[in-house]
1. Take every DSSP beta bridge whose two residues both sit in the range 201-403, then give the antiparallel share in percent to the nearest 5.
2. What list of ³J(HN,Hα) couplings, whole Hz, do you get for the range 356-373 from phi and the Karplus terms 6.51, -1.76, 1.60, once you set θ to phi - 60° and write x for glycine and proline?
3. Sort 336, 220, 196 so that the residue with the fewest other Cβ atoms within 10 Å of its own Cβ comes first and the one with the most comes last.
4. Report, in listed order, any pair from 55/325; 90/128; 91/325; 55/307; 90/325 with a Cα-Cα distance greater than 29 Å.
5. Principal axes first, then extents: for the Cα atoms of the range 201-403, list largest minus smallest coordinate on each axis, whole Å, largest first.
6. With an 8 Å Cα cut-off and a minimum separation of 6 or more residues, compute the relative contact order for the range 201-403 in percent.
7. Taking only the C-alpha atoms, wrap a convex hull around the range 137-196 and report its volume per residue in Å³ as a whole number.
8. Mind listing the phi-derived Karplus ³J(HN,Hα) values for the range 242-256, rounded to whole Hz, using 6.51, -1.76 and 1.60 with θ = phi - 60°, and x for any glycine or proline?
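We did not get these values from a lab; they are worked out from the coordinates using the rules stated. From a predicted model like this one, the values you see are computed outputs, not experimental measurements. Positions of Cβ are backbone-derived with ideal geometry, glycine not excepted, and every protein chain shown enters the neighbour counts.
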Amino acid sequence: MTKARLKKQKFFGSFFQKRTFFLVFRSIRILGGLETWQESSLVVLSCPGPLRRHKAALVSMEQLVLPQVFLGGEAQLLAFVAASPAPLRKKMMFAPLPEMFTSRTSLPGTGAVAHLRFGSVRESRVLKGVTNAAVLAEAESRPPLTASHHPFASGRLLPAAMSEVFVYGENCLRPRRIGGDELPVRVLPPECLDADIAAAPRGGRADGLEMVALADFEDDTWLAGRTAKLPARALADGRAVLVPWNMAHIGSIIPLLLERLASLWQDGAVMPILVVLPFNYAGHEEGLPTLRKRLATATAHPASLLKNIFVGRVTHPRGLARLKKTLGNAWVDGNDPEHGWTIGRLIACGIDPVVIDPGVAGLAGVRRIAADEAVWVESDTRYGPLSANVRLPSLRALPTLLALSS
């Protein structure tokens, strides 16, 4: 057993609930009532993400085109598919926009249909006239302050058409149906964490990893899937630090953390190359141009800083090997509701996580640095303005964080 596998097993001994779902999952019962799921003629999967990459309202899994496959709802979907038995996989299709279907009659076939929605609670969508379920990796966290009266602003309510919830551990969020009704909750087995990674091809083509320096970043080019190549020096030395950024998390500390690091930047300073990996974005990238502007303003040396901070994405599991060679470790925002699932994916790939810890539970065996300063992060969302109370490392703690990555 590899070191990474041992570390993953140690961490997830407390993260996942150990029950008989291992065997049950193999008989497809883990996906819900046997009559609803196993006998369905079609299982539709969906998650947030760019719509223009798909040329039809319903595509096969072979035609699926996701912009990144490592973290967030897109990766959760792919890992779930890889962990599913072959008879079930044959029934699966992907809907970029499930809410556009008006009824069951808009879908192919004549039998029952089920829909699984992956991603953030606030991004939940339903497919009309079928059985709907949500798959969640978000942990319980403090609800945001909101000036909005929108029912879904809290991130704790699901649409009325949802019939059940699948989660990755006992500490995951237990949202209710709008109106307050409780929903049946089922805990997924560990196979749903990394089955796609375990099945990834070894060797062969060297594509699957896209990166571009913030100095060269163009949002239209990035959305179109065209990026610059990562410099050879960054690939060779293994000093880069991965910085996952959950763009669906309204209280993400990543922009503010990078801004503070930028204020310390000096030409010739020995600092790691940073690779920001955004995930859970809903098809737009306004956060990245804004981040570039904030960092350029925060430093006296914007040209050199922006050449050493990259934006990256893994577009195929083949790219994970290249990503691992590039990295020393990864910084994980412990305020992020998906931090547990992100840590598990990193460990499964052999990438060492360092957790910026605001005091979350269940981090045994994982390196961490205390987030010692409380801040409010404000976001303007489709549900109105939301404010999150989170914690990040203070300026005096940043040298310690950098030392852990040297």
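1. 40 percent
2. In residue order, the calculated couplings are 7, 9, x, x, 7, 8, x, 10, 4, x, 10, 5, 8, 10, 5, 8, 9, 10 Hz.
3. The fewest-first ordering by Cβ neighbours comes to 220, 196, 336.
4. 55/325; 91/325; 55/307; 90/325
5. Answer, in whole Å and largest first: 45, 40, 38 Å.
6. It comes to 26 percent, rounded to a whole number.
7. It comes to 106 Å³ per residue, whole-number rounded.
8. Whole-Hz 3J(HN,Hα) from phi for the range 242-256: 7, 10, x, 10, 7, 6, 8, 8, 5, x, 4, 8, 4, x, 5.
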